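Below is one structure, written out as structure tokens; comments come after it.
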Amino acid sequence: MQKNIGTLDALLRITCGLVGLAWCTSKGRRNFPFLIALASAMKVAEGLTRYCPVLALFGKNTLGNKGNM
């Protein structure tokens with residue numbers, strides 16, 4: 001699996017994903033928003049692996065040098 005996510009993009013995905021998971025599991029929520037939690041977990045996983053299947057589907061990447069790192 002080739003990396004197709006740059007460093008800054010990966011950090012942003014991890015940060016936003018963790019914020020989304022924290023929001024979903026916060027004490028004030030009456031019902032657990034499962035779809036938002038699932039999407040947030042996927043963003044964290046994409047940031048950690050630095051691979052996004054949607055970008056791969058369209059043949060794009062966010063790496064700075066268009067090559068593999």
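Just so it is clear, none of the values below were taken in a lab; they were calculated from the coordinates. Just so it is clear, the model here is predicted, and its values are computed rather than measured. Using ideal geometry, Cβ is built from the backbone for each residue, glycine included, and neighbour counts are taken over all protein chains shown.
Take the conditions assigned to a helix (DSSP H, G or I) and in contact (Cβ under 8 Å) with a residue 24 or more places away in the chain and apply them to Lys43. Does it pass? In short, yes.
Residues in the range 44-55 include at least one that is exposed (fewer than 11 other Cβ atoms within 10 Å of the Cβ) and of a type in the set (Val, Ile, Thr).
Kindly indicate the residue of the range 1-36 that is surrounded by 16 or more Cβ atoms within 10 Å (Cβ to Cβ) and assigned to a helix (DSSP H, G or I) and also farthest from the chain's Cα centre (by Cα) among those meeting that condition. First the steps, then the outcome.
Quick first cut of the range 1-36, residues surrounded by 16 or more Cβ atoms within 10 Å (Cβ to Cβ) only: 3-6, 9-10, 13-14, 17, 20-21, 24.
Okay, now just the ones that are also assigned to a helix (DSSP H, G or I), so 9-10, 13-14, 17, 20-21, 24.
On the way: Asp9: 9, Ala10: 7, Arg13: 4, Ile14: 6, Gly17: 6, Gly20: 11, Leu21: 12, Cys24: 16 Å.
Among residues in the range 1-36 that are surrounded by 16 or more Cβ atoms within 10 Å (Cβ to Cβ) and assigned to a helix (DSSP H, G or I), the one farthest from the chain's Cα centre (by Cα) is Cys24.
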